[in-house]
Amino acid sequence: MKPTIIIGIDPGLDGGIAEIGAKGSVFVEPMPTEKRGNKRVLRLDLVMLHLESRGDDYEEWAYIEKAQAMPSQGGVSMFNYGVGYGQLLMAIHSQDYHYEEIPPKRWQKHFGISGKKGCTKAQSIAIAKELFPDVNLFRTPRCKKEHDGMADSLLIAEYGRQTL
């Protein structure tokens with residue numbers, strides 16, 4: 001049986017990417033973005049570095065939170081989100097990862113996260129810290145608030161590890 005590498009992706013510009021390595025190593029970072037003109041966009045080149053294949057010696061899985069329409073967001077915002085989501089799926093496909101799109105409610109229910117949207121962020125951070133106490137969830141060293149997108153991506157990867 002090949003060792004398995006699992007990637008968890010919380011899509012969106014405020015999301016994150018996490019990796020649980022074959023020997024239990026854990027890496028997480030905010031979704032890489034850059035400013036272009038007056039808007040922020042996905043740094044697909046940096047995403048591709050995370051997804052770079054380790055070769056035939058490993059089984060590689062990516063779990064990505066499934067995109068869905070959000071009634072509170074406008075059309076332009078949702079279109080941009082969909083473009084980024086499509087880019088992430090393309091990146092996963094280009095590296096021949098096995099992958100699964102996970103509805104948010106499924107992985108949240110798996111970890112006992114429930115409630116209104118604002119409450120799920122705090123719960124996600126608390127559970128990620130409990131499961132991975134040595135992992136830093138701050139976007140930068142100067143941040144005072146932990147990043148829920150990083151916590152979500154880590155829990156998505158852990159959901160994948162536990163259900164694989």
Handout entry: Condition check for Tyr63: within 28 Å of Glu146 (Cβ to Cβ), part of a helix (DSSP H, G or I), among the hydroxyl-bearing types (Ser, Thr, Tyr) and in contact (Cβ under 8 Å) with a residue 24 or more places away in the chain
Key = no
Completion exercise
Listed by first then second residue, the pairs whose first member lies in the range 130-147 and is within 16 Å of Phe27 (Cα to Cα) and among the acidic types (Asp, Glu), whose partner is at pLDDT 95 or above and part of a loop (DSSP other than H, G, I, E, B), with beta carbons under 6 Å and at least 6 positions apart or on separate chains, are Glu146/Leu137
Fill in the blank from the handout: Going through (1) out of contact with any Lys or Arg (no Cβ under 9 Å at 6 or more places or on another chain); (2) within 25 Å of Arg43 (Cβ to Cβ); (3) assigned to a loop (DSSP other than H, G, I, E, B) one by one, Val135 fails only at (1)
Exercise for the section: Please indicate, with yes or no, whether at least one residue in the range 31-42 is more than 12 Å from the chain's Cα centre (by Cα), crowded, with 21+ Cβ neighbours inside 10 Å and under 15 Å from Gly160 (Cβ atoms). Expected result: no
Practice task
Report whether or not Lys129 is at pLDDT 95 or above and either within 27 Å of Val41 (Cβ to Cβ) or assigned to a helix (DSSP H, G or I) (or both).
Solution key: yes
Exercise for the section: Tell me which residues, restricted to the range 86-112, are of a type outside the set (Asp, Glu) and touching a Lys or Arg at 6+ places or on another chain (Cβ under 9 Å). Expected result: Ile102, Pro103, Pro104, Arg106
Fill in the blank from the handout: Taking the range 1-17 and keeping only residues that are part of a strand (DSSP E or B) and under 16 Å from Gln95 (Cβ atoms), one is left with Thr4, Ile5, Ile6, Ile7, Gly8, Ile9, Ile17
Problem - Odd one out for Lys121, checked against (1) of a type in the set (D, E, K, R); (2) out of contact with any Asp or Glu (no Cβ under 7 Å at 6 or more places or on another chain); (3) surrounded by 16 or more Cβ atoms within 10 Å (Cβ to Cβ) - result: (2)
Fill in the blank from the handout: Across (1) assigned to a strand (DSSP E or B); (2) of a type in the set (A, V, I, L, M, F, W, C); (3) modelled with pLDDT of 95 or more, Val41 clears everything bar (3)
Practice task
Identify, by number, the condition in (1) closer than 23 Å to Asn136 by Cβ; (2) surrounded by fewer than 16 Cβ atoms within 10 Å (Cβ to Cβ); (3) among the acidic types (Asp, Glu) that Asp45 doesn't meet.
Solution key: (1)
Exercise for the section: Would you point out the residue of the range 77-118, among those that are among the polar types (S, T, N, Q) and assigned to a helix (DSSP H, G or I), that is surrounded by the most Cβ atoms within 10 Å (Cβ to Cβ)? Expected result: Gln108
Completion exercise
Expected output for the range 81-100 (first residue polar (S, T, N, Q), partner surrounded by 19 or more Cβ atoms within 10 Å (Cβ to Cβ), Cβ below 6 Å, 6+ apart or cross-chain) is Gln87/Leu42; Gln95/Leu51
Problem - Members of the range 13-30 that are more than 16 Å from the chain's Cα centre (by Cα) and surrounded by 10 or more Cβ atoms within 10 Å (Cβ to Cβ) - result: Ala22
Handout entry: Counted residues, the range 56-108 - those being of a type in the set (Lys, Arg), over 13 Å from the mean Cα position of the chain (by Cα) and under 29 Å from Met1 (Cβ atoms)
Key = 1
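The values are calculated or read from the model by the stated rules, or taken from the named source; none is laboratory data. Here the structure is a predicted model, which means the values were calculated and not measured. Every residue, glycine as well, gets a Cβ built from its backbone with ideal geometry; the counts of neighbours run over all protein chains shown.
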